[in-house]
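Data block below; observations after.
None of the figures in this text is laboratory data; all of them are computed from the coordinates on show. Everything quoted here is computed from the prediction, not taken from an experiment. Heads up, the Cβs are rebuilt from the backbone with ideal geometry, glycines too, and the neighbour counts pull from every protein chain shown.
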Amino acid sequence: MSLLTLAQKRHSPRAFNGTPLAWDDLANGFEAARLSSSSYNNQPWRFVVALRGEAGFDALLATANSSNHTWMKDAGAIVGVMSSKILQKTGEKDHAAMLGVGMAVGAMELAFVESGLASMQAGGFDRKAFVELLQLPDHIAPLSLLAIGRLPDGQGPTAKDRMAMADIAFKVGDKIR
Ligand SMILES: Cc1cc2nc3c(=O)[nH]c(=O)nc-3n(C[C@H](O)[C@H](O)[C@H](O)COP(=O)(O)O)c2cc1C
């Protein structure tokens with residue numbers, strides 16, 4: 001599949017069929033993330049992985065807000081997405097950390113599509129509970145829960161609600177809005 005086809009097929013399903021997943025199902029996605037680029041090659045992405053059936057799955061799921069819990073409970077795996085806020089080599093702030101994590105997760109989600117999986121991120125979760133659950137140090141920030149799974153029968157990509165190209169790509173001198 002071309003990159004554009006993967007991007008067209010990726011969608012946020014808000015429904016999974018409850019099939020458990022194994023690490024091997026997820027491995028290509030994580031490898032795509034691991035190979036992602038980052039400012040100073042700092043690799044700010046951190047992931048905590050919980051497979052359906054593991055105690056960690058229920059623990060991460062419990063941090064989801066109620067509307068996200070309704071569909072996330074049927075995922076095959078839940079990944080807690082985090083960012084290291086500091087440059088490992090100097091201890092200074094990594095100003096591009098969230099961009100780097102976003103790029104890694106973007107690559108991961110496209111690789112999941114290629115592997116026949118669906119995934120969806122949720123920023124609606126209890127960050128304080130997440131930090132306490134994982135006993136996170138101060139320099140690690142919680143960003144999202146990423147649910148991965150298989151789709152219910154008959155469900156597939158939905159139409160994309162997106163801005164027009166002219167609203168996002170500009171020339172120097174244009175009024176950028
Ligand atoms: C970082 C991030 C956080 C999101 N958080 C939520 C969320 O908490 N609940 C939800 O229903 N959708 C959430 N979404 C899904 C977006 O609503 C969805 O990506 C957007 O509407 C575009 O639809 P598509 O992903 O199907 O193309 C999130 C997406 C991203 C990338």
Zone reached by a paramagnetic label modelled 7 Å from residue 114 Cα along Cα→Cβ, restricted to region 14-54 with backbone N below 18 Å, covers 24-38
What is region 112-171 by shape, rounded, prolate or oblate, if you read a ≥ b ≥ c off the alpha carbon gyration tensor as root eigenvalues and call it rounded for a/c under 1.5, prolate for a/b larger than b/c, and oblate otherwise?
oblate
Give the distance, in whole Å, between the Cα centre of region 48-62 and the Cα centre of region 129-158.
10 Å
Give me the three principal axis extents of the chain from the C-alpha atoms, as integers in angstrom, largest value leading.
52, 41, 30
Protection proxy (average C-beta count within 10 Å per residue), highest first, orders 160-167, 94-101 as 94-101, 160-167
Directionally averaged shadow of region 1-85, computed from the convex hull of its alpha-carbon atoms, nm²
7.0 nm²
Take every Cα pair under 8 Å in region 3-167 that's 6+ residues apart, average their separations, divide by the length, and report that relative contact order as a whole percent.
35 percent
Multiply the residue separation of residue 67 and residue 177 by 0.36 nm, subtract the distance between their alpha-carbon atoms, and state the gained length in nm to one decimal.
36.4 nm
Mind checking the dipole of the chain: about its Cα centre, +1 per Lys or Arg Cβ, -1 per Asp or Glu Cβ, Debye to the nearest 20?
540 debye
At 0.36 nm per residue, and after removing the present C-alpha to C-alpha distance, how many nm does the segment from residue 129 to residue 103 gain when stretched out fully?
6.8 nm
